[in-house]
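Structure first, then comments.
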Amino acid sequence: MQVRRHSLDIRTLSGIEFLDITERVRSWVAAQGIAEGLLTVSTPHTTARIVVNERDPALQRDMLRHLQWFAPADAAYEHNQHTVDGRDNAHAHLAALFMPASESLQVADGALQLGAWQALFFVELDGPREQRQVQLQLLGA
């Protein structure tokens, strides 16, 4: 068994945004020379998430509106009274409760396995941010 690790740097431009990282991850996996395995895609940030969903701009706008409705940024949150870094980001932490910080995806025949409509997204919940990170770990043979 082989283990490969890599990190992607991400820059976000909006408070909440869905960044399609599918092709960056797919290219990296293809270059690793591992035919069969398991890829874990994760983010170390508590206010960012990794999700697999459909790559449809209208659906992405719907998901954005849902997150804004579910955890509005302008609500009165206790966390915002005592922030660690000066950011009023309780809404981002609350939205993050309902999404995974990582996804595990199969690699077969040297390629990332996703369904026809699936894409891999980095979800920013507390942007904009100059630097975010996505960590990749590929286990396989």
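Each reported figure results from applying straightforward, stated rules to the coordinates on display, with no laboratory input. It should be emphasised that the depicted structure is a prediction, and the values quoted were computed from it without experimental measurement. All Cβ positions, even for glycine, are placed from backbone atoms using ideal geometry, and neighbour counts span all protein chains on display.
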Between Arg5 and Glu17, the two model label points (7 Å from Cα along the beta-carbon direction) sit apart by a distance in nm of 2.8
Only residues of the stretch 53-89 count here: report those whose backbone N is under 16 Å from the spot 7 Å along Cα→Cβ of Thr46, or say none.
77-89
Let me know the longest stretch in the chain that avoids all chymotrypsin sites (Phe, Trp or Tyr not before Pro) found in a DSSP loop with at most 12 other C-beta atoms within 10 Å.
1-97
Considering the chain as a Gaussian network with a 10 Å cut-off on Cα pairs, which listed residue, Val51, Val84, Val41, attains the greatest mean-square fluctuation?
Val84
Between Ala116 and Ala31, 0.36 nm times their residue separation minus their Cα-Cα distance comes to what?
28.4 nm
Using only the alpha carbon atoms of the stretch 2-140, find the Kirkwood hydrodynamic radius as the inverse mean reciprocal pair distance, in angstroms to one decimal.
15.8
Connecting C-alpha atoms closer than 10 Å in a GNM of the chain, tell me which of Ala75, Ala48, Ala92 has the biggest fluctuation.
Ala75
With +1 on each Lys and Arg Cβ and -1 on each Asp and Glu Cβ, how big is the dipole of the chain about its Cα centre, in debye rounded to the nearest 20?
300
Residue farthest toward the positive end of the dipole of the chain, with Cβ of Lys/Arg at +1 and Asp/Glu at -1: which of Ala58, Ala31, His79?
Ala31
